[in-house]
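Working notes, structure below.
The values are calculated or read from the model by the stated rules, or taken from the named source; none is laboratory data. Predicted, not measured: the structure shown is a model, and the values here were computed from it. Here the Cβ positions follow ideal geometry from the backbone for every residue, glycine too, while neighbour counts run over all protein chains shown.
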Amino acid sequence: MRLFSFRDELDLATAGVVVGHRVISLARLVVAGGLEEEFRFLDLGELLEADPDLEGVRAALERATAAGEAGTPLTNLRAAAAIPRPGKIVCIGLNYRDHVEEQHLEPPTRPLLFSKFANTVVADGEPVIHPTGSHALDLEAELGVVIGRTAHRVSATEAMAHVAGYVVLNDVTARDWQGNRAALAPGERGDGQWLRAKGSDTFCPMGPVLVTRDEVPDPGALRIRSWRTPASGPDAGQPILMQDGTTADMIFDIPALIEFVSAVITLEPGDVISTGTPSGVGVFRDPPVFLQPGDRVRCQIEGIGSVENPIVGAG
């Protein structure tokens, strides 16, 4: 299934199932498909807690479509982030070989973990705030793995049974605050850690679509790309390809990541693992390229979807 998160008429996040170019909402699945009443107003993260394998949703969808339920056109819905308030966003650094190579580093021998919080999540079309005090905002297109069943000390061979599906993310980063040398002015220093650089408000745009695990035969073979559309300069208004990679380049695959993380951090339904980014980010270009207010940035993953956001000043 393809699940779509959107804002209802009360501006609350809810979800539905994509059928063609339309969405059958949870509310309609309650009415037309016999889904349990308590599911009517859930967002997608809450839905995974209530129905981890989505078996109830699948059964209700079958009944609803058999009864002729058509749903609402996608174009009539205002997108929300697929998981609007993740309990945990566990991010993986340096997990693509070409991204390691562009930094002239040795590949890590174990996953490099950091985190973002729910304050970072914004939906497709919502602004990313260029914070006051940073001059080196950058993008990172990433495959997000959404947990469906609680994972605690799970082995790699068992890991995929705990995955609900996949989303597209943008791991926005203030490179100067991160302390990257290419982003620092003479005499300038970074924070010495990544929390502010990675965890500032709006620094995790997330697409509205969650594609369930069964719909993606090989999450390790997906094309992943990003574009920057500058607001000024000779290329103003023209999308410029930044990243063009494949999840096959990941150093640690999804089962290995779940095994490593869940050994000490219990993963719960609706948690997200952001699996790293391929080469092509702005800071490692010559000269470096950073996002400015007025720019737009788009991240896209084959078979999953995309997320596109304007960059705005803190104002």
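Observations, loosely collected:
- Of everything listed in (1) out of contact with any Pro (no Cβ under 8 Å at 6 or more places or on another chain); (2) free of Cβ contacts under 8 Å to residues at least 40 places away in the same chain, the single unmet condition for L77 is (2).
- Residue match in the range 133-155 (condition: of a type in the set (A, V, I, L, M, F, W, C), assigned by TED's automatic domain parsing to the domain that holds R228 and loosely packed, with under 15 Cβ neighbours inside 10 Å): no
- Condition broken by I240, with the remaining ones in (1) over 30 Å from S25 (Cα atoms); (2) touching a residue at least 60 places away in the same chain (Cβ under 8 Å); (3) touching a strand residue (DSSP E or B) at 6+ places or on another chain (Cβ under 6 Å) satisfied: (2)
Per-residue answers, yes or no, for (1) farther than 14 Å from E140 by Cβ; (2) of a type in the set (K, R); (3) buried (at least 24 other Cβ atoms within 10 Å of the Cβ); (4) at pLDDT below 95:
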| position | (1), (2), (3), (4) |
| --- | --- |
| G165 | yes, no, yes, no |
| Q193 | yes, no, no, yes |
| V216 | yes, no, no, no |
| L241 | yes, no, no, no |
| P255 | yes, no, no, no |
| V261 | yes, no, no, no |
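- Restricted to the range 255-282, and to residues there that are under 15 Å from the mean Cα position of the chain (by Cα) and among the aliphatic types (A, V, I, L, M), the residue that is nearest to D218 (Cα to Cα) is I273.
- Counting only helices (runs of 4 or more DSSP H) that fall entirely inside the range 1-102 and contain at least 2 residues that are on the phi < 0 side of the Ramachandran plot and assigned by TED's automatic domain parsing to the domain that holds V146, the qualifying elements are 97-102.
Listed here are the residues, each with its yes/no results for (1) crowded, with 18+ Cβ neighbours inside 10 Å; (2) at pLDDT 95 or above; (3) of a type in the set (F, W, Y).
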position: R225; (1), (2), (3): yes, yes, no
position: A236; (1), (2), (3): no, yes, no
position: G245; (1), (2), (3): yes, yes, no
position: A248; (1), (2), (3): no, yes, no
position: F252; (1), (2), (3): yes, yes, yes
position: V264; (1), (2), (3): no, yes, no
position: L267; (1), (2), (3): yes, yes, no
position: D271; (1), (2), (3): yes, yes, no
position: T275; (1), (2), (3): yes, yes, no
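- Residue ID - farthest from the chain's Cα centre (by Cα), chosen from residues in the range 58-78 that are under 19 Å from R7 (Cα atoms) and buried (at least 20 other Cβ atoms within 10 Å of the Cβ): G71
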